[in-house]
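Following: one structure in structure tokens, then a few remarks.
The values are calculated or read from the model by the stated rules, or taken from the named source; none is laboratory data. All of these numbers come straight from a predicted model, not from anything done at the bench. Positions of Cβ are generated from backbone atoms using ideal geometry, with glycine treated the same way; all protein chains shown enter the neighbour counts. Only protein heavy atoms, including side chains, enter the accessible area calculation; ligands, DNA and RNA are left aside. Shrake-Rupley method; radii C 1.70, N 1.55, O 1.52, S 1.80 Å.
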Amino acid sequence: AANKLEVSMPAVMEVESGSTARIECNFYIPGNDSYTYIDWFCVDQNNRVRLYHITGSETLQENTDYKGRLSVGEDKALSISRVTVQDAKTFVCQVGAGSHGVAENHTELRIYKVPEVPEITANSGGISVQSSEIPQIAKCVSRNSFPPPNITWHKNGEQLEESKGAKISLTRTRESSGLYTVTSTLFARVTREDRDSLYYCTVHYRLRGQGHLVESRRVNVTVFYPAEHLNLQVMPSSALVKEGDDVKLVCEADGNPAPVFSFYKIELDNSLQDLSSLADANSGVLNLHDVNKSSSGLYRCQTLDLDDMRQLEKDVELVVNYIEGVRVKMEPSSPLREGHSVNLTCDAHSPVALTYQWRDEKGRKVAEGKQLFLRNLTFETASNFSCKVMAPSVPGLEQSKQVAVTVEGMPRIVAISSPLYVRQDEVVNLTCKAIAFPRPSVQWSVNGTTHEYVEDQHIASNLTVRVSHDLLRAGAMCRVSNEVGAIEEHIQLLDQKTPESKGVIIVAIIVCILVVAVLGSVIYFLHKKGKIPCGRTGKQDITKPEARKDKIVVDVKSDKLSEEAGLLQGANGEKRPATDQ
């Protein structure tokens, strides 16, 4: 072999459409001699066409369809740019080496194009499980591939095969570009369980001896099947329905499409009251507004499948919870007087358990249970009480009954404007407030303009009157009376001095206090000095009938009087002569 001319080339070369194919030609010449020529050929329909003729001095490219896309490298490898599927041929490299003869080899050039992601289209019209023919499920299209790929079908991840009931048709179309479009259509029967099934197709192709695949998106088909089961329910739950609620009766069938719904109420004599006019026949919802006790009963939903005329029906009971007959019994029922006691008993009827609660007219809770016992009644404790009846098992179900507890008694004066300071001829308001039931009347002992204000058991009377001498002396009398008794009280009027007289008296008192204070200070000062002048001669002996050694004789000279006189002044602040002191 070492003494023989040899040419080696890859048997097969795979190149993607649009890329460049580089085909190598490796040869061995014994003795390391040089080649005489190298020729490149392509075999087209058993015809050999020369592409290149290469010698030691020149490289000659033949005029073929490949011109402009061919080139030869330093290593004599043939390059074909922008290959297409038409370039899938056999290429031959022939080497001539003089005395060593001629040798050649060839490479099969294969062109491939990876298929695009397949397009899948599901049956848009829907498929009936009762179809007599095998329906079309979906169509899958794979475009621009070479060579043509294979297509398989899958449902929920499992491959569908014709041997298992599926039918698959396949169409291959070669486009002008030489690439293939492959279309596959799936036919199969469906069941009601296929309403949730997902179908998809897979395109299989080979590349460099290895298998590859690309999957389509998943699609779902609409499956038509008759209803087998019917469900009818009350919304909200029947256990929570109360009078005044809006209720829905929802009828659901497991068929597709949904059947036509009809609603009825079963009367006591088993006759049917047609309520379909209140319902949406397509959605299967019956709306009942503002239900009451009479709305309770048995309701029926019926369906009719138009394909096989099969009819289904379902009943449900509607219970409307209610509270009725709320009443309050008062013992004793005779008129109540202050100091009495009373017992209030509340009762009601309902199909569910009830609780009772008592509240006063301000809404404050005062007791739990059916009974409310009130002791030692007064006008102030008399009020409107309400019994609130509630159903704990049915939120919002409640009713109330109000009762008025009135206490009768003679009037009681609670406020009066006495004593009242007034001035004669002044216009004043006299007020008298009382509480009583039945409603009392108020009389005044004097004439004037009256205004009365009444609130519950309270009454207030205002008397506007001018103060006369007699009114100031005698005062006024307020008398309040009703059917039970009467009471009266006296309003004392006191003469109010004018502000001017009060001011004069206060000033006089202050002046007197100041004069006494000044005189007391002067006398005290003179006493401490031992100088108390008693005559007008300017000299005075102060002695007692029984002279004692500890007594002092004071000689007051006239020239000293002026100094001491300055200590004494009159009330007007002026100095007085010494002879006047």
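Within the range 215-241, how many residues are open to solvent by less than 20 Å² (accessible area, probe 1.4 Å) and among the polar types (S, T, N, Q)?
Residues flagged as open to solvent by less than 20 Å² (accessible area, probe 1.4 Å) and among the polar types (S, T, N, Q) within the range 215-241 amount to 1.
Taking interchain pairs and intrachain pairs at least six residues apart, which have beta carbon atoms under 7 angstrom, with the first residue in the range 350-370 and within 14 Å of PRO392 (Cα to Cα) and free of Cβ contacts under 8 Å to residues at least 60 places away in the same chain and the second part of a strand (DSSP E or B) and small (Gly, Ala, Ser)?
LEU354/ALA348
Here is a yes/no grid of residues against (1) among the hydrophobic types (A, V, I, L, M, F, W, C); (2) assigned to a loop (DSSP other than H, G, I, E, B); (3) under 30 Å from ALA138 (Cβ atoms):
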| site | (1), (2), (3) |
| --- | --- |
| LYS4 | no, yes, no |
| LEU51 | yes, no, no |
| TYR66 | no, yes, no |
| HIS106 | no, no, no |
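Specify which of the listed residues (VAL141, VAL190) is aliphatic (A, V, I, L, M) and assigned to a strand (DSSP E or B).
VAL141
Restricting to the range 162-175, give me the number of residues that are exposed (fewer than 12 other Cβ atoms within 10 Å of the Cβ) and within 54 Å of the chain's Cα centre (by Cα).
0
When both residues are 6+ apart or on different chains and their Cβ atoms are under 7 Å apart, which pairs have a first residue that lies in the range 64-77 and is under 16 Å from CYS25 (Cβ atoms), and a second that is part of a loop (DSSP other than H, G, I, E, B) and open to solvent by less than 50 Å² (accessible area, probe 1.4 Å)?
Close Cβ pairs satisfying both conditions: LYS76/CYS25; ALA77/CYS25.
ASP44 - would you say it is at pLDDT below 90, among the acidic types (Asp, Glu) and out of contact with any helix residue (DSSP H, G or I) (no Cβ under 6 Å at 6 or more places or on another chain)? Full working, then the answer.
Values: at pLDDT below 90: yes; among the acidic types (Asp, Glu): yes; out of contact with any helix residue (DSSP H, G or I) (no Cβ under 6 Å at 6 or more places or on another chain): yes.
In short, yes.
Can you find a residue that is open to solvent by 60 Å² or more (accessible area, probe 1.4 Å), outside any strand (DSSP E or B) and either out of contact with any Gly (no Cβ under 9 Å at 6 or more places or on another chain) or free of Cβ contacts under 8 Å to residues at least 40 places away in the same chain (or both) anywhere in the range 78-87?
no
Only one residue in LYS362, LYS370, LYS433 is closer than 30 Å to SER237 by Cα and basic (Lys, Arg). Which one?
Exactly one of LYS362, LYS370, LYS433 is closer than 30 Å to SER237 by Cα and basic (Lys, Arg), namely LYS370.
Among the residues of the range 93-105, which ones are surrounded by fewer than 20 Cβ atoms within 10 Å (Cβ to Cβ) and closer than 12 Å to CYS42 by Cβ?
Within the range 93-105, none qualify.
Going through the range 370-384 one residue at a time, which ones are under 23 Å from ALA353 (Cβ atoms) and either among the hydroxyl-bearing types (Ser, Thr, Tyr) or open to solvent by less than 30 Å² (accessible area, probe 1.4 Å) (or both)?
Selection gives LEU372 alone.
If a residue must be farther than 29 Å from PRO10 by Cβ and either touching a Gly at 6+ places or on another chain (Cβ under 8 Å) or not charged (D, E, K, R) (or both), how many such residues does the range 183-217 contain?
16
Could you grab me the full set of residues in the range 14-48 that are part of a strand (DSSP E or B), without any contact (Cβ under 8 Å) to a residue 40 or more places away in the chain and loosely packed, with under 15 Cβ neighbours inside 10 Å?
ASN47
Any idea how many residues of the range 193-214 are surrounded by 14 or more Cβ atoms within 10 Å (Cβ to Cβ), in a strand (DSSP E or B) and of a type outside the set (Phe, Trp, Tyr)?
Within the range 193-214, residues that are surrounded by 14 or more Cβ atoms within 10 Å (Cβ to Cβ), in a strand (DSSP E or B) and of a type outside the set (Phe, Trp, Tyr) number 5.
Would you point out the residue of the range 262-296, among those that are among the hydrophobic types (A, V, I, L, M, F, W, C) and modelled with pLDDT under 90, that is surrounded by the most Cβ atoms within 10 Å (Cβ to Cβ)?
ALA279
Out of all the residues in the range 297-322, which are assigned to a loop (DSSP other than H, G, I, E, B), of a type in the set (Lys, Arg) and modelled with pLDDT of 90 or more?
none
Might you check whether a residue that is closer than 30 Å to VAL316 by Cα and among the acidic types (Asp, Glu) occurs anywhere in the range 213-224?
no
State all residues of the range 410-419 that are at pLDDT 90 or above and either aliphatic (A, V, I, L, M) or farther than 28 Å from PHE379 by Cα (or both); if no residue qualifies, say none.
If the condition is that a residue be at pLDDT 90 or above and either aliphatic (A, V, I, L, M) or farther than 28 Å from PHE379 by Cα (or both), then ILE413, VAL414, ALA415, ILE416 are the ones that fit.
Can you tell me which residue within the range 468-491, out of those that are surrounded by 14 or more Cβ atoms within 10 Å (Cβ to Cβ) and assigned to a loop (DSSP other than H, G, I, E, B), is farthest from the chain's Cα centre (by Cα)?
Only one residue tops the list, namely GLY475.
Please determine whether any residue of the range 155-172 is free of Cβ contacts under 8 Å to residues at least 24 places away in the same chain and among the basic types (Lys, Arg).
Checked the range 155-172: at least one residue is free of Cβ contacts under 8 Å to residues at least 24 places away in the same chain and among the basic types (Lys, Arg).
Can we say ASP456 is closer than 26 Å to SER333 by Cα and open to solvent by 30 Å² or more (accessible area, probe 1.4 Å)? Steps first, please.
Details: closer than 26 Å to SER333 by Cα: yes; open to solvent by 30 Å² or more (accessible area, probe 1.4 Å): yes.
Criteria met by ASP456.
Pick from GLY244, GLY325: which is surrounded by fewer than 14 Cβ atoms within 10 Å (Cβ to Cβ), part of a loop (DSSP other than H, G, I, E, B) and modelled with pLDDT of 90 or more?
Within the list GLY244, GLY325, the selection yields GLY244.
Let me confirm something: among ALA353, ALA258, ALA348, which residue is exposed (fewer than 13 other Cβ atoms within 10 Å of the Cβ) and either modelled with pLDDT of 90 or more or in a loop (DSSP other than H, G, I, E, B) (or both)?
Unique residue meeting the criteria: ALA353.
Could you please tell me which pairs satisfy a Cβ distance under 7 Å, a separation of 6+ or placement on different chains, a first residue in the range 305-322 that is of a type in the set (A, V, I, L, M), and a second residue that is surrounded by fewer than 16 Cβ atoms within 10 Å (Cβ to Cβ)?
From residues that are of a type in the set (A, V, I, L, M), the pairs are VAL316/GLN233; LEU318/GLY297; VAL320/ASN292; VAL320/LYS293.
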